[in-house]
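Asks: This is the structure I have questions about; it appears just below.
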Amino acid sequence: MSSGVSNLFIRIGNMLWKEGIQFLRYRLLLIFVLGFPIFNLVSAEGAIGEGIMHIPTAVCDQDLSADSRRLVCMLRNSRYFDPDYHVGSQAELEQLLEKGEVKVGLFVPQDFGAKLTAEDQGATAQVLLDGTETTTALLAQAYLEETAYEYVQRQGSAGGVTVTGGLERVDARPRAWFNEDLREKTLDLPDELADSLVLLAIFVPALLITREREAGTLEHLFVTPMRPIEMIIGKGLLAFTVAYLGFLGMLALLVFHFQIPFQGSLALLMGLTAYYVLVEMGWGLLISTIARTQGQSLMGAYILCVVEIILSGRVLPVAYMPRITQAVSLMMPNRHYTAILRGIMLKDYALADLWPQLVSLAVLGIVLYTVAAFRLKKRLD
């Protein structure tokens, strides 16, 4: 019995040693694995920024009162808008929007200041938005509502100005949990880590068997006493090591360089990440047993990674997807890991809070490795 177990570890160790030598010779994959995670995080950090700022804005101020100038000044001070274009008519304002030179147009009528100070009237200013860029238009609308509300509050508290509707009596004090400053980077950069990790966990094992087939060495493995599951473990150990080292590097970058808050247990996150990587590798190994060339493996792995990222809930929350799409997303390990990562880093989740994700990953892992081993055994036979 002990001799059989010893031979088992020897065979797996020999396979791992062989895979390590081949991996170091595969320079293109080596560069991708070592450079992509860090490059992706740094690029994402620069792209995410702090939201859309300095939206090109045109102003047509026909009132030219102290109140209208104060409104325009507040727009500029908000940093969301750059009211650098001043025109004399609404037609010129619309022309700038049509040409795409500005994304927001503000039209202030002549009686704006007078109506603002009147007790029985309400002041109105028209805002025109470029709807061809929906994201910018929606954000600009939200920014304008925020600026207008702040403007009303200031006017009401300045004295001598009566604002209709009772808005000056509103004292809203919202509080955001888990991301108090509402920084986009606090949520988006951990998601980028999860996306990069899914690429490492799928791409590397997806090339393991197809590379042997293209090199003509797969037949040599067929005549060895190694079992299919031993071959999968030996090849998978290297892929696991590479993916996990990539995770550690990205996590260190998030916490120490980008200053992303970490509320939960580091040991729990590291343990569950290892668990997730092992499950995610099942997809890569399954692709490797199906594809016949490395090109097919890369294409299959790329398509799967894109689908996983979309269905993880990052692009659109899973709760708002169609029911059939929600059901398909349950087959994607990245969806469950994204919930684990967010829960531990931002909400200080304990192991008991994550049991639905852990059970789902366990079921996926059993199914994926069983199917991969069956397909490999079928090829061996």
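Asks: Looking at segment 254-363, I'd like the Rg to Rh ratio, where Rg is from alpha-carbon atoms and Rh is Kirkwood's inverse mean 1/r.
Replies: 1.01
Asks: Mind listing the long-range amide H neighbours of Val59? Cut-off is under 5 Å, sequence gap 5 or more, other chains count too, H placed in the peptide plane at 1.01 Å from N.
Replies: Here Tyr85, His86, Val87, Leu106 satisfy the definition.
Asks: Which residues' amide hydrogens lie under 5 Å from the amide hydrogen of Tyr80, considering only partners 5 or more residues apart or on another chain, with H built in the peptide plane?
Replies: Under 5 Å from the amide H of Tyr80: His54.
Asks: Here is a follow-up. May I ask you to evaluate 6.51 cos²θ - 1.76 cosθ + 1.60, the Karplus curve with θ = phi - 60°, for each residue of segment 324-335 and list the ³J(HN,Hα) values in order in whole Hz, giving x for glycine and proline?
Replies: Per residue, the Karplus-derived 3J(HN,Hα) values read 5, 5, 4, 5, 5, 5, 5, 7, 9, x, 5, 4 Hz.
Asks: OK, next. Within the set of other residues whose C-beta is less than 10 Å from the C-beta of Asp191, count the net charge using Lys and Arg as +1 and Asp and Glu as -1.
Replies: Result for the neighbourhood of Asp191: -1.
Asks: Next question. Using the 10 angstrom Cβ neighbour count as an exposure proxy, how do Thr147, Thr210, Thr124 rank, fewest first?
Replies: On the way: Thr147 17, Thr210 23, Thr124 12.
With the fewest neighbours first, Thr147, Thr210, Thr124 line up as Thr124, Thr147, Thr210.
Asks: I need the phi-derived Karplus couplings for segment 283-298: 6.51 cos²θ - 1.76 cosθ + 1.60, θ = phi - 60°, integer Hz, Gly and Pro marked x.
Replies: Running phi through 6.51 cos²θ - 1.76 cosθ + 1.60 with θ = phi - 60° gives 5, x, 5, 5, 4, 5, 7, 8, 6, 9, 10, 5, x, 5, 4, 5 Hz.
No value in this document is a laboratory result; all are computed from the given coordinates. Every value quoted in this text rests on a predicted model; they were computed, and no experiment measured them. Neighbour counts are summed over all protein chains in view; Cβ atoms, including those assigned to glycine, are modelled from backbone coordinates with ideal geometry.
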